[in-house]
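The values are calculated or read from the model by the stated rules, or taken from the named source; none is laboratory data. Every value quoted in this text rests on a predicted model; they were computed, and no experiment measured them. Cβ: placed from backbone, ideal geometry, glycine included. Neighbour counts: every protein chain shown.
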């Protein structure tokens, strides 16, 4: 089968080096409103939720009386239009089809601008169709789109209801579950079953909407049929004929001049997250906004957002290419919307933005600290307020009397219920905690926020906690006990050399924060401590041409990805030859599809490879380490939203998918001071 390439808006891209995504993002807002195409062609399979459950969208074009599919796959389907290209940019996915002298371009536009929290939190994607003749003739064209009501339930057997609503001059279709069990379920392989899905087609020539069932797809394909009374309130639903929200656009005669039609697909979850048994609104609702406000704002802003998205995409793609080359840019662009969509932006009671991650197909935890840590580079670059939104609930939890341990928590619960740690026995046992890991993560990220913002005021708010965790690392971090790290799937490991690096860098970060806060005594003490530990580390981990997996384990090795923060935070605790030696060794032991995590297995973590590659001082070495990652994405038989845990010999998924940790790919942008400052300058100053 001919491969459909992924084209990126990159000036000077080399032909033949375009990336084929394992899965292509279509509608990507949060862990529940997240729809993907998991095939090369948009017509090869039903569109799906990131979990793999069918979330069917349908698109049909009738050209001179003959119907063709351009979106989705279903029973009794018509012929597929010929897909000629696909393109993924940071905010858009664009498909082009040609059939019978007509070109149809469909764009999914999600205006995910991290510097604009109102827009980022707005759960609305634009569906845009541009149609024109390419054979010099005129053609009669009608377009059809529908979204299944399955998007609003966890399982197909749940009862659904659809209705037509009017917001002033704007009309929309709505679907939701009958029961509306708001925030009553928590878990990993779940979809939302509360709130409401909306389809709005603003007034346009030839536009009509209907509440219908799957049967309308075949009717429209075969004859262009439409319900006689499209004001019907509730079509008959069966177990095999689910409800849909449908729109059609009759374009009449289409010639060489493009004709554009568009619609908005949105989801109002009413309440998003439960934090310490308090239900939180989505951020866009924090000032009392309603679905009417949501849809009317989306319609109002459409013309401006199309141009803004194009400019954003072009600028980000160019800067990614400047930082790491063409293939790096393509990897990062594919990770962009996935990283954002694995979070939910909610408003605290005082309207503070809180940003909650979900461990997609990992264990379903919410606000996991060692998921925040790898995803952090994207948010440090684009808007540190989002990183603070991840860390603040963890800090607030850790200073409650119920958290009795001298180290940082692992998580806040199971998504979407952030009511307290559930991993490893929760608050009751130390057996499966990650003491050095999470304490180091919180210290390092606090220092990274201080660097991004030019002050340590955020750290000041939580100084007693940071001090407690630094004291723990001072005692336990240099030569860690038999503990879990973020790579917990590899099991407990004593004397973990990479975990020791994290502790040492975290101690240096604490000293740096103390200095920024005018605490000279603590600053000096911890700076000297970190320097002393780094010297000991070099001696204890040395193993010829590389450094060991664990102290005392000669002949072992591992990725030392935590070392990257020594450079990013300007600590310079470790001598440069440590990174040089490791990078040279990595190139000798990497496999066809990537550098293994360590010598014990042939699987790897995609995010950590990018961090390890960022240790390279030369662009040739960086590119040599990411080339197998590019190859993995291009050739993996596992058609899922980018997995970060896979086998390096056959490119198969080992586990995990659609996780936020791929935001860590953006780490290559952070050593480029000019790029970091440039993107930081886009964030509005808080009032």
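Yes or no: residue 267 in contact (Cβ under 8 Å) with a residue 12 or more places away in the chain and in a strand (DSSP E or B)? Step through it out loud before you land on a result.
Values: in contact (Cβ under 8 Å) with a residue 12 or more places away in the chain: yes; in a strand (DSSP E or B): yes.
For residue 267, the condition - in contact (Cβ under 8 Å) with a residue 12 or more places away in the chain and in a strand (DSSP E or B) - is met.
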Qualifying helices (runs of 4 or more DSSP H) (wholly inside the range 600-687; at least 3 residues being modelled with pLDDT of 95 or more, in contact with a strand residue (DSSP E or B) (Cβ under 7 Å, 6 or more places away or on another chain) and buried (at least 16 other Cβ atoms within 10 Å of the Cβ)): 619-635
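Please indicate, with yes or no, whether at least one residue in the range 380-389 is without any contact (Cβ under 8 Å) to a residue 60 or more places away in the chain, within 26 Å of residue 186 (Cα to Cα) and in contact with a strand residue (DSSP E or B) (Cβ under 9 Å, 6 or more places away or on another chain).
We begin by selecting, within the range 380-389, every residue without any contact (Cβ under 8 Å) to a residue 60 or more places away in the chain; these are 389.
Cutting the leftovers down to within 26 Å of residue 186 (Cα to Cα) gives us 389.
Filter once more, keeping what is in contact with a strand residue (DSSP E or B) (Cβ under 9 Å, 6 or more places away or on another chain): 389.
Within the range 380-389 (the criterion being without any contact (Cβ under 8 Å) to a residue 60 or more places away in the chain, within 26 Å of residue 186 (Cα to Cα) and in contact with a strand residue (DSSP E or B) (Cβ under 9 Å, 6 or more places away or on another chain)), the answer is yes, since at least one residue qualifies.
Could you say which residue among 511, 524, 552 is in a loop (DSSP other than H, G, I, E, B) and modelled with pLDDT of 95 or more?
Values: 511 fails: in a loop (DSSP other than H, G, I, E, B); 524 fails: in a loop (DSSP other than H, G, I, E, B).
Matching residue, one of 511, 524, 552: 552.
Taking the condition over 15 Å from the mean Cα position of the chain (by Cα) and crowded, with 24+ Cβ neighbours inside 10 Å, does residue 386 pass? Can you show your working first?
Numbers: over 15 Å from the mean Cα position of the chain (by Cα): no; crowded, with 24+ Cβ neighbours inside 10 Å: yes.
Spelling it out, it is not the case that residue 386 is over 15 Å from the mean Cα position of the chain (by Cα) and crowded, with 24+ Cβ neighbours inside 10 Å.
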Count of residues meeting criterion [outside any loop (DSSP other than H, G, I, E, B) and in contact with a helix residue (DSSP H, G or I) (Cβ under 8 Å, 6 or more places away or on another chain)] in the range 396-433: 2
Scan the range 619-634 and report the pairs whose first residue is under 12 Å from residue 328 (Cβ atoms) and whose second residue is at pLDDT below 95 and surrounded by fewer than 17 Cβ atoms within 10 Å (Cβ to Cβ), with Cβ atoms within less than 9 Å and a gap of 6+ or a chain change. 630/17
Identify, from the list 225, 247, 207, the residue that is closer than 29 Å to residue 135 by Cβ and in contact with a helix residue (DSSP H, G or I) (Cβ under 7 Å, 6 or more places away or on another chain). 225
Given the conditions (1) closer than 30 Å to residue 280 by Cα; (2) surrounded by fewer than 16 Cβ atoms within 10 Å (Cβ to Cβ), report the number of the one that residue 193 does not fulfil. (2)
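Taking the range 152-176, which residues are in a strand (DSSP E or B), in contact with a helix residue (DSSP H, G or I) (Cβ under 7 Å, 6 or more places away or on another chain) and surrounded by fewer than 21 Cβ atoms within 10 Å (Cβ to Cβ)?
Just the residues of the range 152-176 that are in a strand (DSSP E or B), to begin with: 160-167, 170-176.
If we keep only those that are in contact with a helix residue (DSSP H, G or I) (Cβ under 7 Å, 6 or more places away or on another chain) too, we end up with 160, 162, 167, 170, 172, 175-176.
Answer for the range 152-176, where residues must be in a strand (DSSP E or B), in contact with a helix residue (DSSP H, G or I) (Cβ under 7 Å, 6 or more places away or on another chain) and surrounded by fewer than 21 Cβ atoms within 10 Å (Cβ to Cβ): 167, 170.
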For the range 123-145, what are the residues that are surrounded by 21 or more Cβ atoms within 10 Å (Cβ to Cβ) and within 27 Å of residue 345 (Cα to Cα)? 123, 124, 125, 126, 127
Cβ-Cβ below 7 Å, separation at least six or inter-chain, first residue in the range 309-337 and more than 17 Å from residue 18 (Cα to Cα), second in a helix (DSSP H, G or I) and modelled with pLDDT under 95: which pairs? 319/675; 323/675
Candidate set from the range 220-230 (those that are surrounded by 11 or more Cβ atoms within 10 Å (Cβ to Cβ) and farther than 19 Å from residue 252 by Cα); member that is modelled with the lowest pLDDT: 230
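Residue by residue through the range 242-261, note down the ones that are in a strand (DSSP E or B) and surrounded by fewer than 16 Cβ atoms within 10 Å (Cβ to Cβ).
Initial filter on the range 242-261 (in a strand (DSSP E or B)): 243-254, 259-261.
Across the range 242-261, the qualifying residues are 252, 253, 260.
On the basis of being over 24 Å from the mean Cα position of the chain (by Cα) and more than 25 Å from residue 52 (Cβ to Cβ), does residue 613 make the cut?
On the way: over 24 Å from the mean Cα position of the chain (by Cα): no; more than 25 Å from residue 52 (Cβ to Cβ): yes.
It is false that residue 613 is over 24 Å from the mean Cα position of the chain (by Cα) and more than 25 Å from residue 52 (Cβ to Cβ).
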Residues of the range 527-549 being farther than 14 Å from residue 479 by Cα and in a loop (DSSP other than H, G, I, E, B), which ones? 544, 545
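Conditions (1) at pLDDT 95 or above; (2) over 15 Å from residue 201 (Cα atoms), marked per residue:
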position: 232; (1), (2): no, yes
position: 235; (1), (2): no, yes
position: 247; (1), (2): yes, no
position: 255; (1), (2): yes, yes
position: 266; (1), (2): yes, no
Quick one: which of 447, 506, 470 is within 28 Å of the chain's Cα centre (by Cα), surrounded by 18 or more Cβ atoms within 10 Å (Cβ to Cβ) and within 19 Å of residue 396 (Cα to Cα)? 447
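For the range 434-480, which residues satisfy the criterion of being outside any helix (DSSP H, G or I), touching a strand residue (DSSP E or B) at 6+ places or on another chain (Cβ under 8 Å) and touching a residue at least 60 places away in the same chain (Cβ under 8 Å)? Break it down stepwise before answering.
Step one: of the range 434-480, the residues outside any helix (DSSP H, G or I) are 434, 454-456, 462, 477-480.
Within this subset, residues satisfying the condition of being touching a strand residue (DSSP E or B) at 6+ places or on another chain (Cβ under 8 Å) are 434, 480.
The one that is outside any helix (DSSP H, G or I), touching a strand residue (DSSP E or B) at 6+ places or on another chain (Cβ under 8 Å) and touching a residue at least 60 places away in the same chain (Cβ under 8 Å): 434.
Taking the residues in the range 14-39 that are in contact with a strand residue (DSSP E or B) (Cβ under 8 Å, 6 or more places away or on another chain) and over 17 Å from residue 265 (Cα atoms) as candidates, determine which candidate is surrounded by the fewest Cβ atoms within 10 Å (Cβ to Cβ). Spell out the reasoning first.
Narrowing the range 14-39 to residues in contact with a strand residue (DSSP E or B) (Cβ under 8 Å, 6 or more places away or on another chain): 18-21, 23-38.
Now drop any that are not over 17 Å from residue 265 (Cα atoms), which leaves 18-21, 23-24, 38.
On the way: 18: 22, 19: 21, 20: 16, 21: 26, 23: 23, 24: 24, 38: 19.
Among residues in the range 14-39 that are in contact with a strand residue (DSSP E or B) (Cβ under 8 Å, 6 or more places away or on another chain) and over 17 Å from residue 265 (Cα atoms), the one surrounded by the fewest Cβ atoms within 10 Å (Cβ to Cβ) is 20.
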Breaking point among (1) free of Cβ contacts under 8 Å to residues at least 60 places away in the same chain; (2) part of a loop (DSSP other than H, G, I, E, B); (3) closer than 28 Å to residue 76 by Cα, for residue 184: (3)
Restricted to the range 563-597 and to residues being outside any helix (DSSP H, G or I) and farther than 20 Å from residue 331 by Cα, the residue farthest from the chain's Cα centre (by Cα) is 575
Counting only residues in the range 191-205 that are assigned to a loop (DSSP other than H, G, I, E, B) and in contact (Cβ under 8 Å) with a residue 60 or more places away in the chain, the one farthest from residue 52 (Cα to Cα) is identified as 202
